[in-house]
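Report on one structure; see the data block that follows.
The values are calculated or read from the model by the stated rules, or taken from the named source; none is laboratory data. In this text the structure is predicted, and so the values were computed from the model without any measurement. No Cβ is skipped: glycine too gets one built from the backbone with ideal geometry, and neighbour counts run over all protein chains shown.
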Amino acid sequence: SNSGDAINSTLLHGKYELGRLLGHGSFAKVYHARHLNTGKSVAMKVVGKEKVVKVGMMEQIKREISAMNMVKHPNIVQLHEVMASKSKIYIAMELVRGGELFNKIARGRLREETARLYFQQLISAVDFCHSRGVFHRDLKPENLLLDDDGNLKVTDFGLSTFSEHLRHDGLLHTTCGTPAYVAPEVIGKRGYDGAKADIWSCGVILYVLLAGFLPFQDENLVALYKKIYRGDFKCPPWFSSEARRLITKLLDPNPNTRITISKIMDSSWFKKPVPKNLVGK
Ligand code: ADP
Ligand code: MG
């Protein structure tokens, strides 16, 4: 509609008060915001590109977001509502206060037990969404947040389709600043299994949690892609043999033989009980 900026002022400025910047990704900024009627704090994602909202696209995005609201899971950031102006999209969502898992790894690799706790929560979220036909397609530690109790929450779930709309319009360029987490079948080719691609990314994440660095790295992009295509990585000596075995199955460059979620949940590394005192640490 052409009343975009009117919607903006009545819904956003009349409804929410924007606060400090919480973080930003490759194409959005996320602010602390307060819902004026209830006083409730939310995170407000603002996609600030000019004229990204084409006729009809907002309706589709709204439908997708309301579908996402039916996907409630303790390890997935809940979306509350979406608003738009002519030049911006605003997405109100659950506020997660503990920062990115990325920042935690930046301070050093995790113990296997801690990594297991986060990985179990990640897989639980991914399994839940896949069972409902929702794929993330941009899983990486920057999109994994921690709440005050140390619980992991995946952000951006279900928004991948939304970013695809923007990309395919040629209005926004690739949302992934680094291809380091992208499955081999996703590079270049079109049409891939979103579930298998997410599982690959989970493998890269698990490796990063345990190693403190990426499994596939190269300053040269072509060389990096070659490593990813071949599944060419080495596990550092401190990885347990069970962790190695699982990571090798996750980072299988052939999507057809790559491990499935149910097999991940059945693996000995995954099933080891997490000490109670670790939760929230
Ligand atoms: P982009 O799509 O540009 O990557 P994200 O949705 O990943 O944007 O958000 C960018 C950053 O904002 C995240 O990496 C995180 O630091 C912060 N952020 C995102 N969602 C939330 C949230 N629900 N609560 C708190 N911080 C968030
Ligand atoms: Mg992001």
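General observations
- One residue alone among Leu139, Leu209 is modelled with pLDDT of 95 or more and crowded, with 18+ Cβ neighbours inside 10 Å, and that residue is Leu209.
- Selection over the stretch 161-184 of residues that are among the hydroxyl-bearing types (Ser, Thr, Tyr), modelled with pLDDT under 65 and not in a loop (DSSP other than H, G, I, E, B) gives a count of 2.
- Residue match in the stretch 152-161 (condition: crowded, with 21+ Cβ neighbours inside 10 Å, charged (D, E, K, R) and within 10 Å of ligand 1 (Cβ to nearest atom)): yes
- Scan the stretch 236-256 for residues that are within 24 Å of the chain's Cα centre (by Cα) and either at pLDDT below 95 or not in a helix (DSSP H, G or I) (or both) and the total you get is 6.
The rows are residues; the columns are (1) within 21 Å of Asp266 (Cα to Cα); (2) touching a residue at least 60 places away in the same chain (Cβ under 8 Å).
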residue	(1), (2)
Thr114	yes, yes
Leu117	yes, yes
Cys129	yes, no
His136	no, yes
Leu144	no, yes
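- Top-ranked residue of the stretch 16-52 - restricted to ones that are at pLDDT 90 or above and part of a loop (DSSP other than H, G, I, E, B), ranked as nearest to ligand 2 (Cβ to nearest atom): Lys40
Results for (1) more than 20 Å from Val204 (Cβ to Cβ); (2) modelled with pLDDT of 90 or more; (3) surrounded by 16 or more Cβ atoms within 10 Å (Cβ to Cβ); (4) of a type outside the set (D, E, K, R), shown as yes or no for each residue.
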| residue | (1), (2), (3), (4) |
| --- | --- |
| Met58 | yes, no, yes, yes |
| Ser66 | yes, no, no, yes |
| Ile76 | no, yes, yes, yes |
| Ala84 | yes, no, yes, yes |
| Lys104 | no, no, yes, no |
| Leu110 | no, yes, yes, yes |
| Asp147 | yes, yes, yes, no |
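- Residues (in contact with a helix residue (DSSP H, G or I) (Cβ under 7 Å, 6 or more places away or on another chain) and either under 15 Å from Ser201 (Cβ atoms) or in a loop (DSSP other than H, G, I, E, B) (or both)) located in the stretch 118-133: Tyr118, Phe119, Leu122, Ile123, Val126, Asp127, His130
- Any hit, the stretch 214-232, residues being among the aromatic types (Phe, Trp, Tyr), at pLDDT 95 or above and not in a helix (DSSP H, G or I): yes
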